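Remarks on the structure that follows.
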Amino acid sequence: MKSPPELIDGILVRLRRATPDDAPALFLAAASPEVMKYMTWPAQASDSETRSHLQGAAQRWLDGTEYQWIIEERSSGNLAGTISFRPKAHAADFGYFLAKSHWGKGLAHESTTLVVNWLKTQPEMLRIWATADAQNSRYHKVLERLGLQREGILRMATYRPNMGGLPRDTAVYAWCKSDAQRIGLHGHPTAL
């Protein structure tokens, strides 16, 4: 797969390749317990931890193992969150988060649409998927609006360190190229 663009412009958002210099603003965006509640990694204690993560992200971009962008709100130019995807052979999984102050503005939908639509243009990309805590209905709505189908629930599959306790149930959503080929322009199945 070719490397994705470092800058992707939408109407509401601009996605730009994440750099270590984004650490202070990204750390602040993730500072809310509500933002971090369903994440699979612990809340970071300082922007130096965030900088370390972003230094690793820069290397993963070069290695082709993960591509991470900063989500900027176009109207203000402010950092709103981050989105990334991880390709592996014929598939890629993705995830994002937004600062709480940017919830409900359509930024999540547009950011995920930009990334997923780019992935769909890659000939070798046959499956695009994401997971969400089974109780994270906001995230589910974004994935469903993207056209990903809910494949099921993985019981006790994922630790959510910011919640504590036992592993939690995780919903799996995916788009598969074979599904898209079976659906005609009007949403009716077509012969392959």
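The numbers here are math on the coordinates, done by the rules we state, and not lab data. Just so you know, these numbers come straight off a predicted model, no measurement behind them. Note that we place each Cβ from the backbone using ideal geometry, even for glycine, and neighbour counts take in every protein chain shown.
Quick one: of 100/141; 37/120; 37/88, which pairs are farther than 20 Å apart, Cα to Cα? Mind showing how you got there, number by number?
Details: 100/141 17 Å; 37/120 30 Å; 37/88 27 Å.
Correct reply: 37/120; 37/88.
Quick check on the exposure proxy: order 1, 36, 125, 156 from fewest to most C-beta atoms within 10 angstrom.
Working: 1 14, 36 18, 125 21, 156 10.
Going from sparsest to densest Cβ surroundings: 156, 1, 36, 125.
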Efficiency of FRET from Cβ geometry, residue 90 and residue 141, R₀ 30 Å, rounded to 0.05: 0.65
Sequence ranges 131-140, 11-20, ranked by mean other-Cβ count within 10 angstrom, highest first: 11-20, 131-140
The stretch 133-144 - phi-based ³J(HN,Hα) in whole Hz, Karplus 6.51/-1.76/1.60, Gly and Pro as x: 3, 4, 9, 8, 5, 4, 5, 4, 4, 4, 5, 5
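Do you know the relative contact order of the chain, to the nearest whole percent, from alpha carbon pairs under 8 angstrom that are 6+ apart?
Once normalised by length, the contact order is 20 percent.
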What label, among (i) 15.9, 45; (ii) 19.6, 67; (iii) 16.7, 54, belongs to Rg and Dmax of the Cα atoms in Å computed from the structure on display? (iii)
Can you compute the charge dipole magnitude of the chain about its Cα centre, using +1 on each Lys and Arg Cβ and -1 on each Asp and Glu Cβ, nothing else charged? Give it in debye, rounded to the nearest 20. 440 debye
Placing +1 on the Cβ of each Lys and Arg and -1 on the Cβ of each Asp and Glu in the chain, which of 115, 98, 36 has its Cα farthest towards the positive end of the resulting dipole? 115
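Going by C-beta contacts inside 10 Å, put 93, 179 in order with the fewest on the left. Numbers along the way, then the final one.
Working: 93 17, 179 14.
Ascending number of Cβ neighbours within 10 Å: 179, 93.
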Nonlocal amide H pairs with residue 78, under 5 Å, H built at 1.01 Å: 73
Count the DSSP beta bridges whose two residues both fall in the chain, then state the antiparallel fraction as a percent rounded to the nearest 5. 90 percent
So for 67, 96, fewest C-beta neighbours within 10 Å to most, what's the order? 96, 67
